[in-house]
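Student: Let me begin by handing over the structure; questions about it come next.
The values are calculated or read from the model by the stated rules, or taken from the named source; none is laboratory data. Remember, it's a predicted structure, so these values are computed and weren't measured experimentally. Ideal geometry is used to build each Cβ from the backbone, glycine not excepted, and the neighbour counts take in all protein chains shown. For the accessible areas, the whole protein counts, side chains as well, though only heavy atoms, and no ligand, DNA or RNA atoms are used. Shrake-Rupley method; radii C 1.70, N 1.55, O 1.52, S 1.80 Å.
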Amino acid sequence: MAGSHRRSSAETREHVLEVAHELFYWQGIRAVGVDKIAAEAGVAPTTLYRLFASKDDLIAAYVERAHVAYRDWFQTALESGGDDPQARILALFEAQTVMLQPDICRGCPFLMVLTEFPDEALPSHQEAVTMKRWVRDQFATLTAALDVPDPSALADHLTLIFEGAYASVQALGPTGPASHNHTLAKTILDSHIRTSA
């Protein structure tokens, strides 16, 4: 047909991952079968299995893709705070508040993966753990640049607030405890900075 576009293998793979992301994130990974993903993506199951050898491979690719997108979001949020580490931290919590709205968020995809796949040997589980460690490392880098007595403890506190907001929003919504993430982060920061004065 004139004007039609046949996707390359790489384009088809990305399209399938986009569809898988929507289904896995909003409906649950275990709840969504490969046949449903193939149907929603408009590809034959055999095509999907040529791209991903198994559902486990598809899940691992989904988590890896989410990891890359999340890092990009995280870094953009930090950059909006400029060069000051305290401002960067608060900018991140402001961006998280926007992200936690129900039309775009039902919680953290990496926490969902860890809940659905507790087997530490699975690539998807390992990728999710890597993501969580990366977040903690970012807070460690930011707090190390502040003049505070215990940067590591501050990084732990901020990580707990940040991750807790994602966990809370699933059950209690964005107007529940998660809505206080920025205020609590500022309070913790101010407390540590006052202690150093």
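Student: May I ask which residue of 33, 74, 130 lies farthest towards the positive end of the charge dipole of the stretch 1-137, with charges of +1 (Lys, Arg) and -1 (Asp, Glu) on Cβ and the Cα centre as origin?
Tutor: 33
Student: Continuing with the same structure: For the stretch 81-135, just say rounded, prolate or oblate: build the C-alpha gyration tensor, square-root its eigenvalues into a ≥ b ≥ c, call rounded for a/c under 1.5, and beyond that prolate if a/b exceeds b/c, oblate if not.
Tutor: It is oblate, given that a/c is not under 1.5 and a/b is not larger than b/c.
Student: For the stretch 1-87, divide the Cα radius of gyration by the Kirkwood radius and give the resulting Rg/Rh value with two decimals.
Tutor: My calculation of the ratio gives 1.14.
Student: Let me check something: with ligands and nucleic acids excluded, how do 193, 59 order by accessible area (1.4 Å probe), largest to smallest?
Tutor: Sorted descending by solvent-accessible area, the residues read 193, 59.
Student: Over the heavy atoms of residue 83, what accessible area does a 1.4 Å probe trace out, to the nearest 10 Å²?
Tutor: Only protein atoms counted, so the area is about 150 Å².
Student: Continuing with the same structure: From the phi angles alone, apply the Karplus equation (6.51, -1.76, 1.60; θ = phi - 60°) to the stretch 64-79 and give each ³J(HN,Hα) in whole Hz, x where the residue is Gly or Pro.
Tutor: Listing the rounded values in order: 4, 5, 4, 4, 4, 5, 5, 4, 4, 4, 4, 5, 4, 4, 4, 4 Hz.
Student: Let a ≥ b ≥ c be the square roots of the eigenvalues of the Cα gyration tensor of the stretch 79-193; is it rounded (a/c under 1.5), or, if not, prolate (a/b larger than b/c) or oblate?
Tutor: Note, shape of the stretch 79-193 comes out oblate.
Student: Please work out the average accessible area per residue across the stretch 131-197, using the 1.4 Å probe convention, and give it in Å².
Tutor: Details: 3370 Å² over 67 residues.
Ligands and nucleic acids excluded, the result is 50 Å² per residue.
Student: While we're looking at this one, here's another question. Normalise the Cα radius of gyration of the stretch 121-170 by 2.2 N^0.38 Å (N = residues in it) and let me know the number.
Tutor: Rounded to two decimals, the normalised Rg is 1.31.
Student: When the Kirkwood hydrodynamic radius is evaluated over all pairs of different C-alpha atoms of the chain, what value in angstrom, to one decimal, is obtained?
Tutor: With all distinct Cα pairs of the chain included, I get 18.5 Å.
Student: For every other residue with a beta carbon closer than 14 angstrom to the beta carbon of residue 121, add +1 if it is Lys or Arg and -1 if Asp or Glu, then tell me the sum.
Tutor: Numbers: positive: none; negative: 56, 119, 120, 127.
With Lys, Arg at +1 and Asp, Glu at -1, the net is -4.
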